[in-house]
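Down below is the structure, laid out as structure tokens.
Please treat every number below as a calculation from the coordinates, not as lab data. Just so it is clear, the model here is predicted, and its values are computed rather than measured. Cβ coordinates were reconstructed from backbone atoms using ideal geometry, including for glycine residues, and neighbour counts include every protein chain displayed.
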Amino acid sequence: MWKTFTSEDNNVYMLKIIEILDNYDFYLTNLTKIWSCKLSKDLIIQKFQECNPVIETKPGEALTQCLQLINEIDTLGEIKVFFSDSTAKLSLKSGLSVLNESNFKIKYELEFTKLENELFTTTLTIPLVQTIILLEKQQNMMKNLLLKKDMELEEYQMEKGEISRSDLITEKFKPEMLISSSSNLMLNIFDKVEKQISQKYGKIEEKVAKVEVESWNNVKKRRKIYNKETAAMAKNIKITYQGEKSA
């Protein structure tokens, strides 16, 4: 998972850690370029000892403290990023931490190598596009669910009357409220090329349930209005998701 943070010069960065067996891949980006750093557990511990020579700790504790410091980068107060032509150095310093019953400010540094533009695309741009596609699918599912809930509520009110609790009464959902008028946002454009993106870069791992909304007159039904004597005999109304078998 990516972490966002700001350095002391108030620039925005993102950092990601991938653990592969006993090795760690670190990715740093300023949203225009991307750098990577690959370290084994032993090298992470060695670097920790170099940055904190006065701290005596076991290798396992050093690794834990280092990874905790990096994972909490969005909460740190002292972060510096230095650049050269093809490298970047990330310097971190924690607040007071308790190690072996003593208080220390833990320091750590990571040195990154700049990646090619193609790797910027596969590491950052494509995941961002896939995230937009996933969120739009989830929004569409929630939109249909709200529309169906409104139909369910309307049916309930026809059969049993108005809801007695005023704090639960809501206005009917209007899908047009979700429409954005901004021309700067990249909305409703990537769903048209999702298949091509999946073929080239892989499918989105997350799945979104589909909710079908039937119109009132889609199927002719005989609607029975219950009175207080027969209301207890009413069948439960259930939302059925596509692919789910009805009980």
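List of remarks:
- Highest mean first, the peptides 119-131, 153-165 sorted by other C-beta atoms within 10 Å per residue fall in the order 119-131, 153-165.
- Of the two radii for the stretch 2-115, the radius of gyration is 0.95 times the Kirkwood radius, both from the alpha carbons; that is the Rg over Rh value.
- Counted by Cβ distance under 13 Å from K203, the other residues give a net charge of +1, where Lys and Arg count +1 and Asp and Glu count -1.
- Nonlocal amide H pairs with K210, under 5 Å, H built at 1.01 Å: Q242
- Length-normalised contact order of the stretch 2-115 in % [C-alpha pairs under 8 Å, at least 6 apart]: 24 percent
- In order along the stretch 131-141, the Karplus-derived 3J(HN,Hα) couplings, from 6.51 cos²θ - 1.76 cosθ + 1.60 at θ = phi - 60°, round to 5, 4, 4, 4, 5, 5, 5, 5, 5, 5, 5 Hz, and Gly and Pro are given as x.
- 3J(HN,Hα) from dihedral phi, the stretch 55-63, Karplus parametrisation 6.51/-1.76/1.60, rounded to Hz, x for glycine, proline: 8, 9, 8, 6, x, x, 5, 5, 4
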